[in-house]
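What follows is calculated from the coordinates using simple rules that are stated; it is not laboratory data. As the structure is a prediction and not an experimental result, all values here were calculated from the model. All Cβ positions, glycine included, derive from the backbone under ideal geometry; neighbour counts span all protein chains shown.
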Amino acid sequence: MLTETTKTEPDYTSKVPHYTFADTLEGQEAQLATNPLMQRLIASRKSYAGDRYRPIYHYVNPEAMLNDPNGLCRWQGRWHLFYQAYPPEDTRQHWGHAVSDDLIHWRDLPYAIYPNPERCCFSGSALAEEDRVIAMYHGTEVGNMVAVSSDPLLLNWDKVTGQAVIPIRTADGLPLPYNVFDPCIWRKGDHYYALSAGQQAGPGGRRVRADFLFRSPDLAHWEYLHPFVEDDVFTLIGDDGACPYFWPIGDRHMLLFFSHMSGGQYLLGDYDTERDKFVVTAHDSFNFGPAWPSGVHAPSAVPDGEGGIIVLFNMNAGKSTEGWNQIMTLPRRLTLVGRDEVAVEPAGDVTSLRREHVHVGPRTLTANEDIVLDGVAGDAIEIVAEIAPSGAPAIEMQVLRSPDAEETTRIVFYRDRGYRDRSRDGGQQHSLIVLDGTYGSLLPDVQMRGPEAAQVYVAPDEPLRLRVFVDKSAVEVFVNGRQCAGIRIYPSRDDSVGVSLRSQGRPSELQSLDAWQMADIYG
């Protein structure tokens, strides 16, 4: 069994005001209406209204910067999102907090988990039980922490034992056979299980991704078992397994994580509950380039109760924005559509944001011509398009496009130019979707990002289906329900709002295109 350290830790009490709330929803709502910290957050959010690069329908925290999303969960009919927040009077990581009925319209709540005895509250996950929610997260300097809450809005949290339940060091100072870092938690039978992320020695002594498994009967006392993952031939030397989330998907299991080297990823496989091992059979990425700058970052994930997984990520900045930094992606729903095949679609009631609608009917896209779509424009829009490539080797959509294309963000579909999957007889010829922000901004302080190039399978007789979300400085592209890519973009010109299509080499057929202006979720 693990032993707690006897070392006296420094006093890391937060400077942020901390309040205790009622145990009833009515009482909590009454307190929130006049709570000074809540009023401060509301005022701070209002102060950013009109910021050119601050999204209006992606979640952004109300004050200062944010980092990893944490502890996404569903409790008493509401979705709760936690995240690494940096309050202005004490910029160490606290857990920020927002709540939603539909995963799209988010309401800010006061900071949830404050540091002490840990120096900073790093990343972790949440497990919703019938009578409480359990958060397990990394407390820097001390180890992995567990906190519990059972009130209606998850405003009050108590830390189990008041100390790290998986200490970062032993009392005798001997080396540990595992890393103590970002954890996730689940329950099987009479015990809780947790992963602690990190690395272990790989080929030639170089480090590779690892997740270490622990077991507990009571959340306070944890026993180390062993490394959890088997047959991972997919991740790279140098990857680590930060921000792990281990959940069922369909009749299989998925381990989502973040590599500080190569970004957000997942491993798909089978949970051997007899040996407590995760046997991996497939893998894919959420990043198609480094996480910095302007890339997708860490996941937070939870089962949706219908066989799928809801996941969202923070997105890194590519430009300094005064007073704030980073945003969340839209939530995505992952589902299993084959033994090793995962589908991805936008999650939540995103269609409720649609306002002014423009429809473009069928037309031929003549070869090698930029066709600017009249009436389709904006920097906070959704676009749904279906195109039959008809032999064209590349189909391009441009968004955030200035009239002369001096500034533009390119979404390019390259038919059959991805990998041929030779792991199965016959194999599948993949295509490529490329999200390219190279010409997205003329500003000298924007950090240039290489194009995202993601593999996606589109059958020979299948049309290209794009669902594109543009939100001020964010662009996310969903392709045929099988792939998604996202980046940050910072146009400098006020007229960089156009949308165009191009069929390269040969003509193709636009079957339909619909576009909507999107509402402000904070309005």
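Annotations for the structure displayed:
- Cut-off 16 Å, label 7 Å out along Cα→Cβ of Thr364, residues of the range 381-419 by amide N: 388-392
- Here Thr281 and Glu129 are evaluated by their C-beta separation; at R0 = 22 Å the FRET efficiency comes out at 0.15.
- Summed residue charge, Cβ within 13 Å of Glu407's Cβ, Lys/Arg positive, Asp/Glu negative: -3
- Asp374-His226 FRET efficiency (beta carbon distance; Förster radius 56 Å; 0.05 resolution): 0.35
- Cut-off under 5 Å, modelled amide H: who pairs with Asp240 long-range: His260, Met261, Ser262
- CD proxy at 222 nm, helix term only [per DSSP H run n ≥ 4: -39500 (n - 2.57); per residue of the chain; nearest 500]: -1500 deg cm²/dmol
- Extension gain, Ala459 back to Asp11 (0.36 nm per residue minus Cα-Cα distance, nm): 155.3 nm
- If you take the Cα centroid of the range 78-110 and the Cα centroid of the range 389-464, the two points sit 34 Å apart.
- Prolate/oblate/rounded call for the range 350-518, Cα gyration tensor, a/c under 1.5 rounded: prolate
- Shape of the range 260-401, Cα gyration tensor, a/c cut at 1.5: prolate
- Percent RCO, i.e. relative contact order, over the range 142-239, from Cα pairs under 8 Å lying at least 6 residues apart: 20
- Unit charges on C-beta of K, R, D, E only; dipole of the range 293-450, Debye: 460
- Local electrostatic count, Gly238, Cβ distance below 11 Å [Lys/Arg +1, Asp/Glu -1]: +1
- Positive end of the dipole of the chain (Cβ unit charges, origin at the Cα centre): among Gly307, Ala197, Leu336, the Cα lying farthest that way belongs to Ala197.
- Computed 3J(HN,Hα) for the range 439-453, one whole-Hz value per residue from the Karplus formula 6.51 cos²θ - 1.76 cosθ + 1.60 where θ = phi - 60°, is 9, x, 8, 9, 5, x, 9, 7, 7, 5, 10, x, x, 7, 10, glycine and proline marked x.
- 19 Å cut-off, amide nitrogen to a point 7 angstrom out along Leu236 Cα→Cβ, residues in the range 291-312: 291-299
- Placing +1 on each Lys and Arg Cβ and -1 on each Asp and Glu Cβ, with no other charges, gives the range 382-430 a dipole about its Cα centre of roughly 360 debye.
- Centre-to-centre separation between the Cα atoms of the range 195-244 and those of the range 123-161: 22 Å.
- Here the contact order of the range 350-518, divided by its residue count and restricted to Cα pairs under 8 Å and six or more residues apart, works out to 42 percent.
- Basic side chains Lys and Arg get +1 at the Cβ, acidic Asp and Glu get -1 at the Cβ, and with that the dipole of the chain about its Cα centre reaches some 800 debye.
- Pairwise centroid distance, computed over Cα atoms, of the range 18-49 with the range 312-336, Å: 24
- Listed values (i) 26.4, 84; (ii) 24.4, 80; (iii) 23.4, 74, entry calculated as Rg and Dmax of the Cα atoms in Å: (iii)
- Of Leu236, Tyr86, Pro10, farthest towards positive along the dipole that unit charges on Lys, Arg, Asp, Glu beta carbons give the chain: Leu236
- Only Cα pairs under 8 Å and 6+ residues apart enter the sum, and on that basis the relative contact order of the chain stands at 13 percent.
- Proximal charge balance of Cys121 [Cβ under 11 Å; K/R count +1, D/E count -1]: +1
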